[in-house]
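K.L.:
Here it is, the structure, as structure tokens.
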Amino acid sequence: MSAPPTTRETAPIVETRDALVAYLASGSKPKTDWRIGTEHEKFGYRIGDFSPMPYDNAPGETGATVKAMLEGMQRFGWEPAYEGDNVIALLGNEKTGGGSITLEPGGQFELSGAPLETLHDTCDEVHTHLDQVATVAGEIDAGFIGLGFAPRRSLADTPVMPKGRYGIMRNYMPKVGSRGLDMMFRTATVQVNLDFSSEADMVQKYRIALALQPIVTAIFANSPFYEGKPNGVLSNRAHVWLDTDADRTGMLPFVFEDGFGFEQYVDYALDVPMYFVHRDGTYVDVSGQSFRDFMQGKLKGLEGDRPSLDDWENHLTTIFPEARLKRFIEMRGADGGPWRRLCALPAFWVGLFYDEAAQAAAWDLVKDWTTEEREQLHQDVPAQALKTKFRDHTVLDIARDACAIAKEGLKARARTDGFDGDERGFLAAVESTLEEGRTPAEEMLAHYHGKWQGNLDNLFAEYSY
């Protein structure tokens, strides 16, 4: 969501809908060129009182800051990106292996990983990143934890990052839902970005991705706390998304209609209300207006201005369905988590999507689900997770079936680590959850009511990176 905007504002003007369709279609690539891109967010805090780190200290104040983290990470080769005088992102290069480090609205620290060939590469990238973060954090008395929702901080306590787009979003969110500010400032996720070979391949993968997102939400649910106490749900991150902004979130029923393809997604995105346009280093507030109006030069405040493909690319990053289409497909349904689950999430989806037989089996698993059933899963899973009822069984049953398919897909890929291990080992965290039939959130709640005696200091002690 928060990558630095593309700013090639001299790019050719987009004059037709067909150009937008062609942009999405250009993501199609042969299987030999398919890659894995993993993104994960985490919460930083100050050691001692577990308070969130501000971007910078006020005069006379001391303590760990986000700015200090961004400056410290540069020793590893990351290059700073600025908005005004503020470092707001770090860009990768050959030394870092690519990728970028960006800031979410409340200071959530995000690695947007490079496109890599295997899960071994992906997990090495995650390990290297977390090691670098731990090194810098240790020097400034900071810590980081991977959860789907900040367990203790209130909105009032959460700092605001100095990024123009977030000011526009912060003003707009309360107009369209009751939980948009929670989404911005207090949630964190892990997601994986995967490729497709053609429009037909995209359609099937996108339908599978949307149908199974609630199942993944259940498997990875680990945000059962709200402002220091149990919140009554197992994935508060997913619960927040239920009332964020109906215009740009959810399960997209039209994706399952006959004839769906790149054109239909473009038509949807054209009418999703915009947030901003980036011009001359500044974010221009155009919230509530449509990209369709933009193409006709009718944006209020930017009359006569017309978009480039870079504006379209930026707009697509402000659409938040459970699975998102760009020139690849983003699977967005999982709470942030510890190292093992950061590797398990891409393993699950790669196993389903990067082997033909596994993909066919995954489609067989979900193809007769109705719009109403998919939506009911979406609504029920945040609270009930693996215990959610579906037909004559539960989400746990579906999750076990999907995991078995993914494991066979990884076996068929046969991508080894150079010794004797293929990629199936990265599913271990998921398999452990499904064997026990208990989510990470339920494990945390058991500790909270048991050995922690209601003290969430122990959560940070036991679950931080």
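K.L.:
Taking a temperature of 20 °C and a viscosity of 1.002 mPa s, what whole-number D in µm²/s does Stokes-Einstein yield for the chain with Rh from Kirkwood over alpha carbon pairs?
P.N.:
My calculation gives 95 µm²/s for D.
K.L.:
Taking 0.36 nm per residue of sequence separation and subtracting the Cα-Cα distance, how much length would be gained by fully extending the chain between Lys31 and Arg170, in nm to one decimal?
P.N.:
Here the answer is 46.0 nm.
K.L.:
If you don't mind, another one. So the label point goes 7 Å from the Cα of Ala11 along Cα→C-beta, right? Which residues of region 298-334 then have their backbone N under 12 Å from it?
P.N.:
Taking a point 7 Å out along Cα→Cβ of Ala11, the residues of region 298-334 whose backbone N falls under 12 Å are 307-317, 327.
K.L.:
For the pair Asp401/Trp339, report the inter-label distance in nm, with labels modelled 7 Å from Cα in the Cβ direction.
P.N.:
Taking the simple label geometry, Asp401 and Trp339 are separated by 3.5 nm.
K.L.:
Would you mind getting me the FRET efficiency between Asn57 and Arg292? Use the beta-carbon distance for r and R0 = 56 Å, nearest 0.05.
P.N.:
0.80
K.L.:
Right, here's the next one. Taking amide hydrogens as modeled 1.01 Å from N in the peptide plane, which residues meet the under 5 Å criterion relative to Leu116, leaving out close sequence neighbours?
P.N.:
Close amide H contacts, sequence-distant or interchain: Ile36, Gly37.
K.L.:
For region 49-58, take each phi angle, set θ = phi - 60°, evaluate the Karplus expression 6.51 cos²θ - 1.76 cosθ + 1.60, and give the result in whole Hz per residue in order, putting x for glycine and proline.
P.N.:
Listing the rounded values in order: 10, 6, 6, x, 7, x, 4, 8, 7, 6 Hz.
K.L.:
Would you mind working out the magnitude of the charge dipole of region 165-319 relative to its Cα centre, with +1 at each Lys and Arg C-beta and -1 at each Asp and Glu C-beta, to the nearest 20 Debye?
P.N.:
Roughly 700 debye, rounded to the nearest 20.
K.L.:
At 7 Å along the Cα-to-beta-carbon direction for both Glu263 and Thr282, put a label point, then send me their distance in nm to one decimal.
P.N.:
Distance between label points: 4.0 nm.
K.L.:
Order these by the 10 Å Cβ neighbour count, fewest first: Thr244, Thr439.
P.N.:
Thr244, Thr439
K.L.:
So what are the ³J(HN,Hα) numbers for region 269-279, from phi and the Karplus equation (6.51, -1.76, 1.60; θ = phi - 60°), rounded to whole Hz, Gly and Pro as x?
P.N.:
5, 4, 9, 5, x, 6, 9, 8, 10, 9, 9
K.L.:
Any chance you could run the full-extension gain for Tyr465 through Asp417? It's 0.36 nm times the residue separation minus the Cα-Cα distance, nm to one decimal.
P.N.:
Result for the pair: 14.9 nm of gain on full extension.
K.L.:
Further question on the same structure: Report ³J(HN,Hα) in whole Hz for each residue of region 336-342, in order, from the Karplus equation J = 6.51 cos²θ - 1.76 cosθ + 1.60 where θ = phi - 60°; Gly and Pro get x.
P.N.:
Those phi angles translate into x, x, x, 3, 4, 7, 5 Hz.
K.L.:
Right, here's the next one. Can you tell me how region 100-206 classifies by the Cα gyration tensor, rounded, prolate or oblate, using a/c under 1.5 as the rounded cut?
P.N.:
Here region 100-206 falls in the oblate category.
K.L.:
Which stretch or stretches of region 95-137 have amide N atoms under 12 Å from the point lying 7 Å from Ala357's Cα along the Cα→Cβ direction?
P.N.:
none
Values quoted throughout were computed directly from the atomic coordinates according to the rules given, and no laboratory measurement underlies them. This structure is a prediction, so every number in the text was calculated from the model and none was measured. Quick reminder, even Gly has a Cβ in these numbers, built from the backbone with ideal geometry, and neighbours come from all protein chains shown.
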